[in-house]
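Visitor: Okay, here's the structure, questions in a sec.
The values are calculated or read from the model by the stated rules, or taken from the named source; none is laboratory data. This structure is a prediction, so every number in the text was calculated from the model and none was measured. Reconstructed Cβ throughout: ideal geometry from the backbone, glycine too, with neighbour counts over all protein chains shown. Heavy atoms of the whole protein, side chains included, go into the accessibility calculation; ligands, DNA and RNA do not. Shrake-Rupley method; radii C 1.70, N 1.55, O 1.52, S 1.80 Å.
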Amino acid sequence: MATPARLFGTDGVRGLANVDITAELALRLSVAAAHVLGDEARRHGRRPKAVVGRDPRASGEFLSAAVIAGLASAGVDVYHANVLPTPAIAFLTADTHADFGVMLSASHNAMPDNGIKFFATGGHKLDDAVEDEIAARLDQEWERPTGADIGRVVTMPDGHTRYISHLLAVLPNRLDGVTVVIDGAHGAASSVSPEVFRLAGATVHEIGTEPDGLNINDGYGSTHLDHLKAAVKAKGADLGIAHDGDADRCLAVDADGAEVDGDQIMAILAVDMKERGTLAQDTLVATVMSNLGLIQAMEREGVAVRQTGVGDRYVLEEMRASELSLGGEQSGHVIFLDHGTTGDGVLTGLMLAARVCATGRPLSDLATVMRRLPQVLVNVKGVDKSRVESDTELQEAVAKEEAALAGSGRVLLRKSGTEPVVRVMVEAGDEAEAEAVAGRLVDVVRARLAL
């Protein structure tokens, strides 16, 4: 019998709004979460408290109403922060000493999708075991509170200001003299990022900051950089900052319109923090998908790199376990653990602009700290992914190619978590070599792992 699909994915419960993510599911899920995440408060004789926020997509309106209704009906006091970035909800969960937080967002996904994400006390992402406990409580009978024991719902009008004040407080220097274009992806950053950059002293031009509930991520944001590149060049800006729908990511564009990805951003910030003495243990945490160029650059700069599995939750786990201060992903999730518990695209953009301002160097020059090696990624479909590690001939082929690259490149084979797919990733000194190595390994994968 097939193992039933897990309700929670790598970043909460996500799917097509009103089909997969329904009001009924949102209500049931929030009730289950109230019982699991509110237990500690009840044991101490307190009524649980939760912070709830959302991104601007239209479905968030009815889904947040369902979540709030479920929480209050289960005896949880709700502080409704309305539209704010995901890292703002994580921050407010910690800052208000709430027992947990709830964010409704599908991040960089298209508008029809939505998702429900929970934060534990302190604003931390939930462990798998806690998520599974919530899923297991979905259909359990429960005693409904009545009278004065029903949860109360209040708006949180100062959530926006508290988050912006937090960002400004951790900025190492002002941004006077820097001109920046902000692309808010018509998402949760739209009312926050331009304002905080202006308060920090920057001259700001905006695109993608007019959300109407339907246009989130539509042609704008970190997955669609063309508008940002054009705007930066048209305005003569020093740099451009692109967020995704819930603003937990940041990618950048230099004054010439060239993309600066998450690996380059991490390299720039790691050097900055090392110089300022704030890079804990002179160590950066990245995933196995980060470009080898990042590893090589950090070695030259005297920064150690620890690599984790793919996903910012694994980066965060390593950071917390080893008490490290900076980590992230190539996609633009960057975590400053001294200042937040999750990827924060607004803070990342501020820190990057602060480095440009403090050094007087253009972003294009700062980005030369690392050279991105050409990377080829091929998805091999219809194969038995379970035999990737155990097939001797395949592993020998991988070892042979890695030996031939002699430290100037690397090979990574990854199994898809949801499909019969093996991902073959190769980095090498030039594009032709990377494509040749990838082609040979794809042939071996198809031959050895055929279904």
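Visitor: Rounding to the nearest 20 debye, state how big the charge dipole of region 307-420 is about its Cα centre with +1 on each Lys and Arg Cβ and -1 on each Asp and Glu Cβ.
Guide: Value, rounded to 20: 360 debye.
Visitor: Go through 220, 314 and list them by solvent-accessible area, largest first, probe radius 1.4 Å.
Guide: Highest to lowest solvent-accessible surface, that is 314, 220.
Visitor: If you average the sequence gap of Cα pairs under 8 Å that are 6 or more apart and divide by the length of the chain, what percent do you get for the contact order?
Guide: 12
Visitor: When the convex hull of the C-alpha atoms of region 198-269 is computed, what volume per residue in Å³ does it have?
Guide: Here the figure is 104 Å³ per residue.
Visitor: Then there's this: Figure the gain on full extension for residue 152 and residue 392 (residue separation times 0.36 nm, minus the Cα-Cα span) and round it to one decimal in nm. Write out the running numbers ahead of the final one.
Guide: Values: separation 240, 0.36 × 240 = 86.40 nm, distance 6.05 nm.
Additional length available on full extension: 80.3 nm.
Visitor: Along the charge dipole of region 169-313, which of 192, 178, 304 sits closest to the positive end, that is, farthest toward it, with unit charges on the beta carbon of Lys, Arg, Asp and Glu (+1, +1, -1, -1)?
Guide: 304
Visitor: Over region 237-296, what is the relative contact order in percent, taking alpha-carbon pairs closer than 8 angstrom and at least six residues apart?
Guide: This gives 21 percent for region 237-296.
Visitor: Using a ≥ b ≥ c from the Cα gyration tensor of region 1-75 (square roots of the eigenvalues), is it rounded, prolate or oblate, where a/c under 1.5 gives rounded and otherwise the larger of a/b and b/c decides, a/b for prolate? Don't jump to the answer; show the numbers that get you there.
Guide: Details: a/c = 2.30, a/b = 1.30, b/c = 1.76.
It is oblate, given that a/c is not under 1.5 and a/b is not larger than b/c.
Visitor: Tell me what the chain gives for mean residue ellipticity at 222 nm when only DSSP H runs of n ≥ 4 count, each as -39,500 (n - 2.57), the sum divided by the residue total, rounded to 500 deg cm²/dmol.
Guide: Mean residue ellipticity, 222 nm, calculated: -11500 deg cm²/dmol.
Visitor: Could you tell me which GluC sites (Glu not before Pro) in region 345-451 are loop residues by DSSP with no more than 11 other beta carbons within 10 angstrom of their beta carbon?
Guide: 389
Visitor: Report the one residue of 203, 166, 411 whose Cα lies farthest in the direction of the positive end of the charge dipole of the chain (charges on C-beta: Lys and Arg +1, Asp and Glu -1; origin at the Cα centre).
Guide: The residue sitting farthest along the positive end of the dipole is 166.
Visitor: Where the accessible area of region 103-157 is counted over protein heavy atoms with a 1.4 Å probe, how much of it, in %, is carbon and sulfur?
Guide: The computed percentage sits at 50.
Visitor: How much of the DSSP beta bridge set in the chain is antiparallel, as a percent to the nearest 5? Don't skip to the end; give the middle numbers.
Guide: Numbers: 34 of 66 bridges.
Counting DSSP beta bridges with both partners in the chain, the antiparallel share is about 50 percent.
Visitor: Still on this structure, I have one more. What is the gain in length, in nm to one decimal, between residue 46 and residue 275 on full extension, counting 0.36 nm per residue of separation less the C-alpha to C-alpha distance?
Guide: Extending this stretch completely gives an extra 77.9 nm.
Visitor: Compute the convex hull volume of the Cα atoms of region 124-214, divide it by the residue count, and report the result per residue in Å³ as a whole number.
Guide: Working: hull volume 17.5 nm³, N = 91.
Cα convex hull per residue, to the nearest whole number: 192 Å³.
Visitor: Please work out the ratio of the alpha-carbon Rg of region 272-399 to 2.2 N^0.38 Å and round it to two decimals.
Guide: 1.23
Visitor: Now a separate question. Over all Cα pairs of region 345-451, how is the pair count split among 5 Å bins, expressed in % and running from 0 up to the last occupied bin?
Guide: 2, 12, 18, 16, 12, 9, 9, 9, 7, 4, 1, 0
Visitor: In cubic angstrom, how much convex hull volume per residue do the alpha carbon atoms of the chain span?
Guide: Hull volume normalised by residue count: 150 Å³.
Visitor: Using +1 at the C-beta of Lys and Arg and -1 at the C-beta of Asp and Glu, which of 382, 281, 153 has the Cα lying farthest in the positive direction of the dipole of the chain?
Guide: Looking along the dipole axis, the top candidate is 153.
Visitor: Over its Cα atoms, what ratio of radius of gyration to 2.2 N^0.38 Å does region 129-175 give?
Guide: Details: Rg = 19.7 Å, N = 47, 2.2 N^0.38 = 9.5 Å.
With N residues counted in region 129-175, Rg over 2.2 N^0.38 Å equals 2.08.
Visitor: Next question. Given 0.36 nm per residue, what is the gain on full extension from residue 138 to residue 321 after removing their alpha carbon distance, in nm?
Guide: Additional length available on full extension: 62.8 nm.
Visitor: Could you provide, to the nearest whole Å², the per residue accessible area of the chain with probe 1.4 Å?
Guide: For the chain, the solvent-accessible area averages 41 Å² per residue.
Visitor: Still on this structure, I have one more. Under 15 Å Cα-Cα from residue 235, which aspartates and glutamates qualify once same-chain neighbours fewer than 8 residues away are excluded?
Guide: Output for residue 235: 183, 206, 226, 254, 256.
Visitor: With a ≥ b ≥ c the root eigenvalues of the C-alpha gyration tensor of region 312-385, is it rounded (a/c under 1.5), prolate (a/b larger than b/c) or oblate?
Guide: In terms of gyration-tensor shape, oblate.
Visitor: Now for a separate question. Only four residue types carry charge here, +1 at the Cβ of Lys and Arg and -1 at the Cβ of Asp and Glu. Report the dipole size of the chain about the Cα centre in Debye, rounded to the nearest 20.
Guide: 460
Visitor: Percent of alpha carbon pairs in region 76-192 separated by more than 19 Å? Don't skip to the answer; put the middle values down first.
Guide: On the way: 4090 of 6786 pairs.
That fraction is 60 percent.
Visitor: May I pose another question? Where the centroid of each part is defined by its Cα atoms, how far is region 109-155 from region 24-38 in Å?
Guide: Region 109-155 and region 24-38 have Cα centres spaced 4 Å from each other.
Visitor: Could you tell me the ratio Rg/Rh of region 1-146? Both radii from Cα atoms, Rh via Kirkwood.
Guide: 0.94
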